[in-house]
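This report concerns only the one structure given below.
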Amino acid sequence: MSQPVTATPSPKLERWRSVLNFDNRYLAPVLITCILIVGHLSFGILESYEKTALAIAVSIFAEIALGKIIYGTWPHLASAYITGISVGILLRSPAAWPFGLCSAISITSKYVLRIRDRHIWNPSNFGICAMLFLAGDKVASLSIQWGNNLWPMILIWLLGSVIVWRLRRFHITATYVAAFFLFAFLRSSITGSPLQAEIAPITGPMYQLFIFFMITDPKTTVRSKLGRCIVVIMVAMVETVLRLNEVVYAPYYALFIVGPTALLLENWLDWYKQRGHTGGSGIGS
Amino acid sequence: MTEALVARRRVLLSIFFVGLLAAPIFLKQPSAFRGVGSETDARSSALSRYGFFLEEVAHSANIDFVHHAPVLDAKLAPIMPEIASMGASVSIVDYDRDGWPDIYVVDSRDGGKNALYHNLRDGTFKDVAAELGIANLNRSGSGVSTGAVWGDYDNDGYEDLLLIKWGRPELYHNDQGRGFTRATEEAGLPSWINANTAVWLDFDGDGLLDLFIGGYYSEDVDLWHVTTTKIMPESFEYAKNGGRKYLFRNLGQGRFEEVSEKLGIDSRRWSLAAGSADLRGSGHPDLFIANDYGVSELYANDGTRFQEVGGQTGIGFAPKSGMSVAFGDILNSGRFAIYVSNISEEGILIQGNNLWVPKEGSSGKDLKYENLAGDFGVELGGWSFGAQFGDLNNDGNLDLFVTNGFVSLDKNRSYWYDFAKVAGGHSSIIADVKNWPAFDNRSLGGYQPKRLWINDGAGKFAEVARAVGVTETYDGRAVALADLWNRGVLDVIVANQNGPLLIYKNTVEPQNAWIEFELEGVTSNRSAIGAQVTLYWGGRLQVQEVSGGSGFAAQNQRRLHFGLGKSDRVDKAVIRWPSGKIQMIEEPAVRQLHKLKEPA
């Protein structure tokens with residue numbers, strides 16, 4: 001355990017600290033905005049300004065409307081902003097409606113698919129999977145790399161790592177990346193495919209969003225640090241099974257399957273422990 | 001808020017959520033991936049419903065040409081089917097000026113023979129390439145053919161042959177239809193270009209045809225003797241390590257000067273198709289380049305220099321896999337829309353083809369385009385390649401024929417997963433062939449039907465390929481349109497990669513009238529490439545421009561074909577020659593070809 005700081009900081013230092021110590025909830029939006037700006041200014045990653053704006057607008061509007069209708073409160077919009085941008089970057093479609101619909105599905109899923117007042121799917125993961133399942137002939141997901149310049153990629157990896165570390169979720173990202181490389185090696189051994197080919201996906205922007213935003217989502221990860229590490233190893237494992245079956249969007253689907261399963265298991269364990277204490281009945285009783 | 005109220009709202013929200021999940025069913029237009037019409041529609045049904053019917057007649061026309069892909073360096077073997085996936089080409093030329101269109105097709109195999117099918121006027125053709133000296137052009141060490149465009153570069157009245165290759169480009173002078181003489185050395189063409197596109201145009205308006213050639217692989221790559229396996233694009237959307245571009249200014253006397261960089265064309269994107277037309281009404285031909293692995297480029301021509309205006313016109317924003325360029329006045333508004341084909345594969349990659357339509361109120365230097373492919377219904381083709389506009393049913397509106405299909409091998413095994421996996425990787429991975437999983441006889445975007453969209457003239461196209469007789473699923477590359485038998489209808493010629501050349505003979509509802517123009521420049525280049533004809537009839541107008549190459553590795557017939565619908569009268573035809581001269585023909589007779597010479 002670290003020792004408490006006893007020295008009194010100078011007023012100047014305090015001012016700087018107050019500037020730097022802004023609400024942690026803004027860190028992720030700042031990072032994803034950086035990814036958007038760097039990616040677009042470097043390579044023009046956006047399908048279009050209008051479609052991205054639509055995804056963000058629908059996401060925020062849905063969050064406000066549903067938060068007010070269901071809970072009667074004004075919700076914090078950081079999460080909706082991230083969802084909107086994720087949809088804007090990750091979804092690819094010549095049509096505009098999939099962007100709005102995907103955002104609407106993503107946000108609504110948070111309010112509908114809940115267990116013990118907690119949503120169990122990462123919203124954008126759910127929304128994008130839903131669109132790929134339901135409108136596969138109209139949408140695809142970002143599956144290309146950004147270009148030959150390493151610097152934007154390095155910048156995003158560094159910035160992303162610092163921010164998830166600051167949010168105390170770096171262990172999730174690091175564990176997943178390590179597991180990905182191990183399973184890539186395994187896949188290469190099984191299929192005879194070049195190792196570089198198996199590693200290739202993680203060097204693309206889709207994975208950067210997946211690693212920094214989807215799998216680290218505080219609302220849809222289990223409570224214990226060890227549990228989170230086990231969950232992302234399971235995600236990488238299921239992803240490998242899907243990849244061995246040539247599923248293009250394996251990481252999305254793996255998280256779609258493993259994430260809620262882990263939360264349900266955690267809920268069940270909570271209930272089991274609670275029942276052990278009280279000798280009582282089930283969830284919700 | 002009471003718990004009961006919250007619960008009630010949750011129920012309503014759940015219903016709303018189910019509605020959202022069901023929404024794609026209602027929002028999706030009929031899928032182009034499935035909506036390919038009925039196979040059972042008979043000729044009479046197609047004629048009555050769509051006004052035309054296509055019948056594949058290559059064999060009975062004595063054409064049994066089959067294209068062969070190249071076999072490249074063994075170091076490229078793991079993904080040879082992907083790399084050696086282009087080369088099939090078709091161009092239409094009346095090489096002997098007998099008034100009947102002939103067909104030139106190329107092979108891409110070492111030692112394979114190109115063919116020039118001379119039109120025998122009786123429904124059949126005869127291959128005369130060997131006797132005229134333009135068959136055996138795929139000799140080992142010189143590369144293999146990937147396309148051909150015809151233009152009368154010395155204004156002697158006979159169309160000359162520019163052959164592009166993954167290898168040494170060749171210029172052949174047409175000796176009055178009796179033979180061809182190699183003119184490559186005198187022209188000063190480079191020793192090697194890995195080219196997939198070339199266009200004749202008179203960019204400086206001096207009456208001599210100039211030449212654009214676009215490189216795909218870098219010109220220092222000899223695909224038969226690679227020194228490195230790092231020959232692939234550095235990115236699948238932002239690649240700039242392709243072949244350079246060449247603009248050859250015609251100096252006369254069969255000599256050319258390379259001026260691309262000097263005049264503002266300095267790009268190393270991976271060009272697959274180019275087209276030239278006066279898009280801004282400046283009187284000078286602009287140049288549109290469709291690039292694979294990146295954005296398209298539009299070079300605005302002021303008569304002395306080119307300026308890349310893709311970004312400011314809107315066509316250079318979203319990177320795709322441009323593979324074809326076709327111009328057409330699809331709204332009969334006197335302005336060209338531009339169709340660029342791309343890749344769409346259900347659930348994997350939905351780029352959608354682009355239909356760039358000029359924005360209302362924008363013109364000249366402020367010209368802006370918007371992609372209306374989705375609105376017009378011509379967005380999803382498949383792995384699309386060559387596309388051409390032409391009025392196939394003579395109803396007065398330009399229709400659209402699009403070829404599709406990339407690599408058709410084992411029908412039951414797909415390379416898509418491996419392709420998508422590596423294409424998402426960093427340049428250091430994807431640029432190197434040896435990092436790619438072996439193709440292993442799998443298909444990639446293979447066995448895809450063609451699309452034939454007919455235009456209702458009001459902004460909607462309907463897909464009718466199967467219904468009108470286009471049912472094959474070879475890997476289509478080039479498509480060209482020509483009135484092969486001088487009947488006043490456009491026939492369709494399709495060159496397939498590793499597949500047969502197909503000739504679709506068109507039968508059109510006879511009530512629909514037509515008119516054709518064959519132009520010959522005097523002050524302007526003799527091929528009249530760049531001349532525009534604006535036709536006025538029945539309160540409608542349509543503009544067409546004589547082209548020096550369009551689509552993918554293709555060239556339509558030189559003459560311009562207009563369908564007129566039920567009108568039996570044309571008010572006037574206004575010809576704007578490349579020299580700037582304007583010629584007006586009052587009430588030209590319909591149902592006939594008009595041969596016009598540029599007035600002195």
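In this calculation the C-beta distance from B:Ile15 to B:Glu131 is compared with R0 = 56 Å, giving a FRET efficiency of 0.15. Each Cα pair of segment B:379-501 feeds into the Kirkwood radius, which the Stokes-Einstein equation turns, at 20 °C and 1.002 mPa s, into a diffusion coefficient of 132 µm²/s.
Counts of other chain beta carbons within 10 angstrom of each beta carbon in peptide A:236-249 average 2. For segment A:125-256, a Kirkwood hydrodynamic radius built from all Cα pairs, placed in the Stokes-Einstein relation at 20 °C and 1.002 mPa s, yields a translational diffusion coefficient of 139 µm²/s. Net charge dipole, segment A:151-271: roughly 380 debye, given to the nearest 20, about the Cα centre with Cβ charges of +1 for Lys and Arg and -1 for Asp and Glu.
Based on the Kirkwood radius over alpha-carbon pairs, what value in µm²/s does the Stokes-Einstein equation return for the translational diffusion coefficient of segment B:235-360 at 20 °C and 1.002 mPa s?
140 µm²/s
Protection proxy ranking, highest mean first, for peptides A:152-165, B:114-127: B:114-127, A:152-165, where packing is the per-residue count of other beta-carbon atoms within 10 Å, averaged. Convex hull volume of the C-alpha atoms in the protein assembly as shown, normalised per residue: 195 Å³.
The residue list B:Gly281, A:Ile89, B:Phe256 was ranked by how far each Cα lies along the charge dipole of the protein assembly as shown toward its positive end, using unit charges on Cβ atoms, and A:Ile89 comes out on top.
Cross-link check: pairs A:Lys51/B:Lys434; B:Lys365/B:Lys597; A:Lys51/A:Lys219; A:Lys138/B:Lys460; B:Lys320/B:Lys411 evaluated at a Cα-Cα cut-off of 29 Å; pairs beyond the cut-off: A:Lys51/B:Lys434; B:Lys365/B:Lys597. The protection proxy used here, the mean number of other Cβ atoms lying within 10 Å of each residue, ranks peptides B:153-166, A:50-63 as follows, highest first: B:153-166, A:50-63. Take the Cα of B:Ser333, go 7 Å toward its beta carbon, and the backbone nitrogen atoms of segment B:360-396 under 14 Å from that spot belong to B:360-364, B:367-373, B:375-376. Cα centroid separation, segment B:39-95 to segment B:328-346: 21 Å. Rounded to the nearest 100 Å², what's the accessible area chains B and A bury against each other, both chains counted, probe 1.4 Å? For B against A, buried area totals roughly 4500 Å².
Spatially close Lys pairs in segment B:149-295, defined by Cα atoms under 20 Å apart and a spacing of eight or more places or different chains, total 4. Between B:Val71 and A:Ile190, what's the calculated FRET efficiency when r is the beta-carbon distance and R0 is 35 Å? Round to 0.05. Computed FRET efficiency for B:Val71 and A:Ile190 comes out at 0.70.
B:Val6 to A:Phe181: FRET efficiency via 1/(1 + (r/R0)^6), r the Cβ-Cβ distance, R0 35 Å, to the nearest 0.05? It would help to have the intermediate numbers written out before the result.
Details: r = 46 Å, r/R0 = 1.31.
Computed FRET efficiency for B:Val6 and A:Phe181 comes out at 0.15.
Each listed q (0.15, 0.19, 0.21 Å⁻¹) maps to a log10 I(q)/I(0) for segment B:92-194, found by the Debye formula over equal Cα scatterers with no solvent: -0.57, -0.90, -1.08. The residue list B:Leu116, A:Met234, A:Pro251 was ranked by how far each Cα lies along the charge dipole of the protein assembly as shown toward its positive end, using unit charges on Cβ atoms, and A:Met234 comes out on top. For the protein assembly as shown, the Cβ-based charge dipole about the Cα centre amounts to some 4700 debye (Lys, Arg positive; Asp, Glu negative; other atoms uncharged).
Approximating the spin labels as points 7 Å out from Cα along Cα→Cβ, the B:Asp122-to-A:Trp165 distance works out to 8.5 nm. Dividing the alpha-carbon radius of gyration of chain B by the rule-of-thumb value 2.2 N^0.38 Å gives 0.95.
Each of B:Asp175 and A:Asp270 was given a label point 7 Å from its Cα along the Cα-to-Cβ line. The distance between the two points is 9.1 nm. When the surface is traced with a 1.4 Å probe over the full set of protein chains, B:Phe236 keeps roughly 20 Å² accessible. Choose one of A:Pro75, B:His426, A:Gly276: the residue whose Cα lies farthest towards the positive end of the charge dipole of the protein assembly as shown (beta-carbon charges +1 Lys, Arg; -1 Asp, Glu; about the Cα centre). Going by the Cα projections, it comes out as A:Gly276.
Aspartates and glutamates within cross-link reach of A:Lys273: Cα-Cα under 20 Å, excluding same-chain residues under 8 positions apart? Of all the aspartates and glutamates, those that pass the test against A:Lys273 - Cα under 20 Å, at least 8 places apart if same chain - are A:Asp117. Straight Cα distances below 13 angstrom link B:Lys566 to the aspartates and glutamates B:Asp395, B:Glu509, with same-chain residues fewer than 8 positions distant left out. Working value for segment A:46-141: equivalent-ellipsoid semi-axes of 22, 15, 9 Å, each the square root of 5 times a Cα gyration tensor eigenvalue, largest first.
Partner shielding of B:15-22 amounts to 5, given as the average count of beta-carbon atoms from other chains within 10 Å of each residue beta-carbon.
With a 10 Å cut-off around each Cβ of B:347-355, the average count of Cβ atoms from other chains is 5. Among B:588-597, B:259-268, sorting by the average number of other beta carbon atoms lying within 10 angstrom of each residue, highest first, gives B:259-268, B:588-597. Computing the accessible area with a 1.4 Å probe over protein heavy atoms, can you report the carbon and sulfur percentage for segment A:46-141? Result for segment A:46-141: 71 percent of the exposed heavy-atom area is carbon or sulfur.
Which whole-angstrom value gives the distance between the alpha carbon centres of segment B:182-210 and segment B:471-515? Answer, in whole Å: 28. The tail of the calculated P(r) for segment B:537-600 beyond 14 Å holds 65 percent of all Cα-Cα pairs. Over the C-alpha trace of segment B:489-596, radius of gyration and Dmax come out as 15.3, 48 angstrom.
The values are calculated or read from the model by the stated rules, or taken from the named source; none is laboratory data. Here the structure is a predicted model, which is why all the values come from computation and not from measurement. Here the Cβ is made from the backbone with ideal geometry for all residues, glycine too, and neighbour counts use every protein chain on show. Heads up: the accessible areas ignore ligands, DNA and RNA and are worked out on the full protein's heavy atoms, side chains in. Shrake-Rupley method; radii C 1.70, N 1.55, O 1.52, S 1.80 Å.
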